[in-house]
Amino acid sequence: MTRPPTVAQRRVIDAADPVTGRLKGTDAQLAALVKRGLAFRHPRPPHDHFLTPAGHRIRETSEPTAAPEPPAASSDSGVFTARIGGEETAVGGPSRTREVHSAWQGLLELRRMTHRDGAVDRPCGWERTHLVQAAALALEAAGHRPAAGEGLGYRVRATPQPEAVAVRESDAEALRACAATLEKAGWQVGEHTEPRTGARYVLASPRRA
């Protein structure tokens, strides 16, 4: 690509779904992005358009610094956000289930597109720059329950360690189940104990190979 996208094209790119990269725009706008290698048309119906790795790179250069604990998704916002646990308000029901499933399938597709070998069994670059959301999406997509407010459920939080998140669950069996899900999703996991409180937690980082 020898020139940057137009203002209209940039608006379409910036409005892409932050997890799946799905685009919304006119047929002409989407076709122009495909021609420039910034988007691709999915071969299966309904033939939605998604950002390519080059399109994701352009989008992320304009993103503001992400907060360590993003808010819960709103059914009215039109933007999907993985539940990290502890949100005061959370939209549930069949629509949320569909959103989570779609986001997870989109993430697997992003893995396939960005890995040279087309592998979907290990995290991609987007996940390494969005650790908390990526781990939370893997857990929610597998059916684990995020904590609501101060209630029971998983909580995913950033840590001082590079490329690592902490997953906490008050129930020991549920914590082990979370660890198994992340391991299956391509994360390296290990159980640890808080020195001060004695509480168990899982430390997880994206597997590279």
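Given 4 °C and 1.567 mPa s, compute D for region 101-141 with the Stokes-Einstein relation, Rh being the Kirkwood radius over Cα pairs; round to the nearest whole µm²/s.
Rounded, D is 128 µm²/s.
Over region 132-209, with the other protein chains present, what is the accessible area per residue in square angstrom, probe 1.4 angstrom?
Counting only protein heavy atoms, the per-residue value for region 132-209 is 52 Å².
What is the magnitude of the charge dipole of the chain about its Cα centre, with +1 placed on the Cβ of each Lys and Arg, -1 on the Cβ of each Asp and Glu, and no other charges, expressed in debye to the nearest 20?
Once rounded to the nearest 20, the dipole reads 860 debye.
Got a sec? Charge dipole of the chain, +1 on Cβ for Lys and Arg, -1 for Asp and Glu; which of His130, His101, His56 is way out at the positive end?
The Cα lying farthest towards the positive end belongs to His56.
Count charges around Thr114 for me, please; just the other residues with Cβ under 12 Å from its Cβ, Lys/Arg as +1, Asp/Glu as -1.
Computed value for this residue: +3.
Could you compute Rg(Cα) / (2.2 N^0.38 Å) for the chain, with N its residue count?
Against the compact-globule rule of thumb, the ratio is 1.06.
Select from Ala158, Ser170, Pro146 the residue farthest towards the positive end of the dipole of region 114-197; place +1 on Cβ of Lys and Arg, -1 on Cβ of Asp and Glu, and compute about the Cα centre.
Towards the positive end, the residue furthest out is Ala158.
Could you sort 113-125, 129-141 so that the peptide with the highest average Cβ count within 10 Å comes first and the rest follow in order?
Put in order of decreasing packing, that is 129-141, 113-125.
When only Cα pairs under 8 Å and 6 or more residues apart are kept, what is the percent relative contact order across the chain?
15
With both bridge residues required to lie in the chain, what share of the DSSP beta bridges run antiparallel, to the nearest 5%?
Expressed as a percentage, antiparallel bridges in the chain total about 90.
Taking only C-alpha pairs under 8 Å that are 6+ residues apart, what is the relative contact order of region 141-181 in percent?
In percent, rounded to a whole number, it is 29.
Give me the percent of the accessible area of the chain that comes from carbon and sulfur atoms, probe 1.4 Å, all protein chains in place.
Percent of accessible area from carbon and sulfur atoms in the chain: 53.
Please sort 43-55, 12-24, 154-166 by packing, taking for each peptide the average over its residues of neighbouring beta carbons within 10 angstrom, highest first.
Descending mean neighbour count gives 12-24, 154-166, 43-55.
For region 120-209, what proportion of DSSP beta bridges, expressed in % and rounded to the nearest 5, is antiparallel?
Percent antiparallel among DSSP bridges in region 120-209 is about 95.
The values are calculated or read from the model by the stated rules, or taken from the named source; none is laboratory data. The shown structure was predicted, so the numbers you read here are calculated from the model rather than taken from an experiment. Quick reminder, even Gly has a Cβ in these numbers, built from the backbone with ideal geometry, and neighbours come from all protein chains shown. Quick note on the areas: whole protein, heavy atoms, side chains included, nothing else; ligands and nucleic acids left out. Shrake-Rupley method; radii C 1.70, N 1.55, O 1.52, S 1.80 Å.
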